[in-house]
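Written below as structure tokens is the structure these notes are about.
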Amino acid sequence: METCELCNSPGGEVLWQDAFCRVVLVDDADYPGFCRVILQAHVKEMSDLSAVQQNRLMRVVFGTEAAVRQVMKPDKINLASLGNLTPHLHWHVIPRFVDDRHFPQPVWAAPQRESRPQAQLNLIASVLKSALAQKL
């Protein structure tokens with residue numbers, strides 16, 4: 001689609017991809033390690049995918065979660081598939097910490113406190129590749 005942001009751009013720094021989907025690192029200083037798993041095709045809803053495709057996409061989401069957990073050691077991971085503003089199937093994988101800017105509220109809520117310093121993220125791509133190689 002010519003007006004779809006996720007069809008026209010990677011949506012972040014590409015950490016991993018294949019012909020089916022890609023995993024990108026979101027540029028968000030308040031949430032280091034925030035990743036998106038984005039379907040390569042313009043599809044709006046999970047139920048538009050076949051059962052095999054749904055399963056494959058969720059294996060990538062879970063592999064991404066495992067890699068982010070291993071590297072970031074968050075207190076919690078939030079998984080979300082919203083698409084209200086960008087109706088292109090994608091999942092958010094967001095590491096959460098009890099001292100992050102919005103905890104315990106969603107990252108889209110009003111801030112609860114000031115930002116904290118960013119963590120180093122250079123391991124996520126290599127851990128993600130390893131985790132997905134084992135799951136796919």
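The values are calculated or read from the model by the stated rules, or taken from the named source; none is laboratory data. As the structure is a prediction and not an experimental result, all values here were calculated from the model. Heads up, the Cβs are rebuilt from the backbone with ideal geometry, glycines too, and the neighbour counts pull from every protein chain shown.
Things worth noting here:
- For the range 50-68, a residue qualifies if it is more than 17 Å from LEU132 (Cα to Cα) and in a helix (DSSP H, G or I), and exactly one does: ALA51.
- Which listed residue, of VAL37, VAL23, VAL71, is in a strand (DSSP E or B), β-branched (Val, Ile, Thr), in contact with a Leu (Cβ under 6 Å, 6 or more places away or on another chain) and buried (at least 16 other Cβ atoms within 10 Å of the Cβ): VAL23
- Screening ARG116, ARG56, ARG101 for residues that are at pLDDT 95 or above and touching a Phe, Trp or Tyr at 6+ places or on another chain (Cβ under 9 Å) leaves exactly one candidate, ARG56.
- Qualifying residue in the range 38-49 (condition: under 19 Å from GLN134 (Cβ atoms) and modelled with pLDDT of 95 or more): no
- For the range 74-95, the set of residues classified as buried (at least 17 other Cβ atoms within 10 Å of the Cβ), of a type in the set (A, V, I, L, M, F, W, C) and over 14 Å from PRO32 (Cβ atoms) consists of LEU89, TRP91, listed by residue number.
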